[in-house]
Amino acid sequence: MAPSHRPPQGFRPLARTAAVLAASLALLTSLTGVAPAATTGPDGADVDVRVNAQAALGTLTGAARGVNTAIWDSHMNDPEVADLMKAADVGVMRYPGGSYADIYHWETHTAPGGYVAPGTGFDAFMGTVRAAGAQPILIANYGSGTPQEAAGWVRYANLTKDYGAKYWEIGNEIYGNGHYGSGWENDEHEDKSPQQYAREVRAYAAAMKAVDPTVRIGAVLTSPGEWPDGVVGTGDSGDWNHTVLPAVADVIDFVSVHWYAGGSDTTADAALTRLAKLPGELREVRNQIDRVAGAHAPDIEIALTEINTNTGGARLTARPNGLFAADAFMTALENGVFNVDWWNTHNGAGEITTVDGGTDYGDMGMLSSGACTGDVCEPAPNTPFAPYYGMKMTSELGTAGDTMVAAESSAQDVSAHAVLRDDGRLSVMLVNKDPDSARTVALDYAGFTPSTTAPKVSRYARGDSDITDVTDGGATASQVTVPPYALLTVTLEPEAGTGPAASAAGTPGTPRLEAVTDTTARLSWKAATGATRYLVQERDGAHTRLVGEATGTSVTLRNLPPGSTHTVNVLAADSSGRISAPSSPLTFGTGTPADAACAVTYHRDTSWGNGFVATVTVTNLADTPITGWTVDWDWPTSGQSVDSGWNASFEQSGTHVRVTAPEGAGPLAPDGGSTASFGFVGANDGPNPDPAAFRLNGAVCSGG
């Protein structure tokens, strides 16, 4: 029984001078005692991986790893489930199961129109959650429920039973209620628009927080670039996210999004490749929150409450999906989410295929349900499938309180993820997606000096029935070999007296953006104990550069390019110059000049998930006319493009677009006396954010 249906896959639809840089690098070297490392590796390596322990991507929380559980699953509360989840450091279990949430009535434990397995009631579920050492994410029934019913569930859970249920979503995939033409989610409201959902979220939040003010309320969003993102329904003024978010930003605490690799190509390799789209989609969720939530924005978190390959029912239980699970969990966590939940704990057998020399049962679960397709049956219930081991491997990489740091691989088929452990160790997880060849990886570090002690190595490869400790693999701090289609995690001790553990300075608080213009940004942060000065570093991949220094807890960055995006961390230095662990990152963008000599308006007239029509209007505000104009911009993502246009000539190279005035166009009159307008049909493979800045004949314009 498939609990969470989806529409057909076709619907898825700083510039610095050389002198400043040299001075910055010299200052950083003098403060840290570590010069920027070279990117060369030992002889024989065919992949280079650079890890920068001073470039933080965020802190792992106890809620990082999660799984979905469903009331139609008769094995959801087997004792083995809690043991397996605890062994994998699973911190969250989501209930009552995808689309079933919108037909489920908690008090009667019924789901009209659906199957409810014996022994799957809320109290039984909470017994499993507690035995696993986890916490729940609960989905309030939006489809056929009421705010009062949800408030009663909060009362029972947190006042009557003292379960301390913190996270509550309002509905599951409500955008799939038929409003956009494809309907799989139950929604009995007469009005199925995003406006109605927003009104109800406010009512649910008020009723639930009146019972327990500490609960955190989550609203359902679409993933940017995934259907129905960008689609404007009949009678609506905007698409789902741009309607819901502004209306609920002051009453919610997190947003819930889902992501499935999808696509018409059902190979596991294709799913691993499509994972490259996820960071951009998650960044756009954060951008949307930041644009509309104002002062509330930093406090609104993102949860990725369903993820899987969704590859048409095949290649779901075999090793490639284990690689995908490990890679996907860490990719999502590194890009701003606090929780990732795999779909599903148990799900049921589907298409039977042979993958990587073994049987794939076409099951989207992490654990076997013991089900059969024809005369082919799964292993005994609760036997782990490969995705379970992929998730479990991420717990070898890091646990709650550890800091994710930047890691960069030179090979597309070898992913790298790194975590600076709270005790000063550094762990690096390598994902070899090559099914045929082992890969020898040269490891290079910035901000971390490994000791000569042999690293601890954990492996999940062909022939391994669990995560396996490797003692004879010849791994060193500078070079490791990863078997084909395998996961390998290397954990290194720091050289004595080095690293954040040796510093008397604590970790600074996450920086906040106090003010921003087109060329400046003022940042502030909470003080760190033992700090005598602070360093502000900008991250570019796994490289960082010093962009600010202060003895207090704020700094103003200057000479930033208009319409540019920056990601920064703050580090503290103690009286001996030893550097702390980096703060969590802040990403911000600069604006465009208010007093520019030109203005541009960019308007998306319509969109349909993977395409759109836009109109651009240009105004000359200077005191002299302009004859023969060009307009330039850069797309924020690589999946955006111009397909065809009118009233101008269009060229695109990479992400850069240049538009040239049509032949015979008259001059642009001074002082806003006339405008030039052109339009185009665009395409987007993934998220479709607006360009940040436009230039008229090379000059940055206001607006956007």
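The values are calculated or read from the model by the stated rules, or taken from the named source; none is laboratory data. Keep in mind the model is a prediction, meaning the values are calculated, not measured. Cβ: placed from backbone, ideal geometry, glycine included. Neighbour counts: every protein chain shown.
With the checklist (1) in contact with a helix residue (DSSP H, G or I) (Cβ under 8 Å, 6 or more places away or on another chain); (2) among the charged types (D, E, K, R); (3) more than 25 Å from THR565 (Cα to Cα) in hand, flag the one item ASP341 doesn't pass.
(1)
Do we have GLY230 as surrounded by fewer than 17 Cβ atoms within 10 Å (Cβ to Cβ), within 30 Å of THR637 (Cα to Cα) and not hydrophobic (A, V, I, L, M, F, W, C) here?
Considered against the rule, which asks whether it is surrounded by fewer than 17 Cβ atoms within 10 Å (Cβ to Cβ), within 30 Å of THR637 (Cα to Cα) and not hydrophobic (A, V, I, L, M, F, W, C), GLY230 comes out as no.
Please enumerate the residues belonging to the stretch 105-132 that are surrounded by 14 or more Cβ atoms within 10 Å (Cβ to Cβ), outside any loop (DSSP other than H, G, I, E, B) and among the polar types (S, T, N, Q).
THR128 - this is the single residue of the stretch 105-132 that is surrounded by 14 or more Cβ atoms within 10 Å (Cβ to Cβ), outside any loop (DSSP other than H, G, I, E, B) and among the polar types (S, T, N, Q).
Looking only at the stretch 521-559, count every residue that is part of a strand (DSSP E or B) and touching a Gly at 6+ places or on another chain (Cβ under 6 Å) and tell me the total.
3
Taking the stretch 317-338 as the search range and keeping residues that are out of contact with any helix residue (DSSP H, G or I) (no Cβ under 7 Å at 6 or more places or on another chain) and not acidic (Asp, Glu), which one is surrounded by the fewest Cβ atoms within 10 Å (Cβ to Cβ)?
Once the filter is applied, the top-ranked residue is PHE338.
Within the stretch 243-266, restricting attention to residues that are out of contact with any strand residue (DSSP E or B) (no Cβ under 7 Å at 6 or more places or on another chain) and modelled with pLDDT under 95, which residue is surrounded by the fewest Cβ atoms within 10 Å (Cβ to Cβ)?
This residue is SER264.
Name the residues in the stretch 469-488 that are surrounded by 18 or more Cβ atoms within 10 Å (Cβ to Cβ) and not in a strand (DSSP E or B), would you?
Matches in the stretch 469-488: ALA475, ALA477, PRO483, TYR485.
Would you pick out the residues in the stretch 650-704 that are of a type in the set (D, E, K, R) and buried (at least 18 other Cβ atoms within 10 Å of the Cβ)?
ARG695, the sole residue that qualifies.
If I ask for residues that are exposed (fewer than 15 other Cβ atoms within 10 Å of the Cβ) and more than 30 Å from SER702 (Cβ to Cβ), which ones from the stretch 489-526 would you list?
Within the stretch 489-526, ALA496, GLY497, LYS526 meet the criteria.
Sort out which residues of the stretch 657-680 are assigned to a loop (DSSP other than H, G, I, E, B), under 27 Å from ARG604 (Cβ atoms) and in contact with a Leu (Cβ under 7 Å, 6 or more places away or on another chain), and write them in order of number.
Selection gives GLY672, SER674.
Those residues that are within 25 Å of GLN412 (Cα to Cα) and surrounded by fewer than 19 Cβ atoms within 10 Å (Cβ to Cβ), I need them from the stretch 445-455; list them, please.
Across the stretch 445-455, there are no qualifying residues.
For (1) among the acidic types (Asp, Glu); (2) at pLDDT below 95; (3) in contact with a Gly (Cβ under 7 Å, 6 or more places away or on another chain); (4) crowded, with 18+ Cβ neighbours inside 10 Å, each residue gets a yes or a no:
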{"site": "ASN186", "(1), (2), (3), (4)": "no, no, yes, yes"}
{"site": "HIS189", "(1), (2), (3), (4)": "no, no, no, no"}
{"site": "PRO194", "(1), (2), (3), (4)": "no, no, no, yes"}
{"site": "TYR197", "(1), (2), (3), (4)": "no, no, no, yes"}
{"site": "ALA203", "(1), (2), (3), (4)": "no, no, no, no"}
{"site": "LYS209", "(1), (2), (3), (4)": "no, no, no, yes"}
{"site": "ILE217", "(1), (2), (3), (4)": "no, no, no, yes"}
{"site": "VAL220", "(1), (2), (3), (4)": "no, no, yes, yes"}
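Quick check on ASP466: is it assigned to a loop (DSSP other than H, G, I, E, B) and acidic (Asp, Glu)?
yes
Out of the residues in the stretch 158-198 meeting the condition of being assigned to a helix (DSSP H, G or I) and in contact with a Pro (Cβ under 9 Å, 6 or more places away or on another chain), tell me which one is farthest from TRP343 (Cα to Cα).
Looking at residues that are assigned to a helix (DSSP H, G or I) and in contact with a Pro (Cβ under 9 Å, 6 or more places away or on another chain), I get ALA198.
Can ASP643 be described as among the acidic types (Asp, Glu) and closer than 18 Å to LEU696 by Cβ?
Spelling it out, it is not the case that ASP643 is among the acidic types (Asp, Glu) and closer than 18 Å to LEU696 by Cβ.
Kindly indicate whether ALA442 is of a type in the set (A, V, I, L, M, F, W, C) and in a loop (DSSP other than H, G, I, E, B).
No.
If you check THR590, THR624, THR619, which single one turns out to be over 30 Å from GLY233 (Cα atoms) and within 27 Å of the chain's Cα centre (by Cα)?
It is THR590.
Of all strands (runs of 3 or more DSSP E) completely enclosed by the stretch 319-368, which ones contain at least 1 residues that are assigned by TED's automatic domain parsing to the domain that holds THR383, of a type in the set (A, V, I, L, M, F, W, C) and closer than 24 Å to ASP78 by Cβ?
Those strands (runs of 3 or more DSSP E) span 339-342.
Residues that are in contact with a His (Cβ under 8 Å, 6 or more places away or on another chain) and modelled with pLDDT under 95: list the strands (runs of 3 or more DSSP E) wholly contained in the stretch 575-653 that include at least 1 such residues.
586-589
In the stretch 150-190, how many residues are of a type outside the set (A, V, I, L, M, F, W, C) and over 15 Å from VAL215 (Cβ atoms)?
Matching residues across the stretch 150-190 total 18.
Considering every residue within the stretch 81-95, establish whether at least one is under 30 Å from GLY509 (Cα atoms), outside the structural domain of ALA117 (by TED's automatic domain parsing) and modelled with pLDDT of 95 or more.
Checking the stretch 81-95: not a single residue is under 30 Å from GLY509 (Cα atoms), outside the structural domain of ALA117 (by TED's automatic domain parsing) and modelled with pLDDT of 95 or more.
Evaluate the stretch 655-676: report whether one residue or more is within 24 Å of ARG291 (Cα to Cα) and at pLDDT below 95.
no
Looking at (1) over 26 Å from the mean Cα position of the chain (by Cα); (2) within 19 Å of ASP469 (Cβ to Cβ), which is the one condition that is false for VAL431?
(1)
Of all residues in the stretch 677-704, which are hydrophobic (A, V, I, L, M, F, W, C) and touching a Gly at 6+ places or on another chain (Cβ under 9 Å)?
PHE678, PHE680, VAL681, ALA683, ALA692, ALA693, PHE694, VAL700 - these are the residues of the stretch 677-704 that are hydrophobic (A, V, I, L, M, F, W, C) and touching a Gly at 6+ places or on another chain (Cβ under 9 Å).
Could you tell me which residue of the stretch 554-586 is farthest from the chain's Cα centre (by Cα), considering only residues that are crowded, with 22+ Cβ neighbours inside 10 Å and polar (S, T, N, Q)?
Out of the qualifying residues, it is SER580.
What do you reckon, is PRO118 in the same structural domain as ASP212 (by TED's automatic domain parsing) and more than 29 Å from TYR260 (Cα to Cα)?
Here the answer is yes, as PRO118 does meet what is asked.
Tell me, which helices (runs of 4 or more DSSP H) wholly within the stretch 205-309 include 3 or more residues that are over 22 Å from GLY145 (Cβ atoms) and charged (D, E, K, R)?
Output list reads 278-293.
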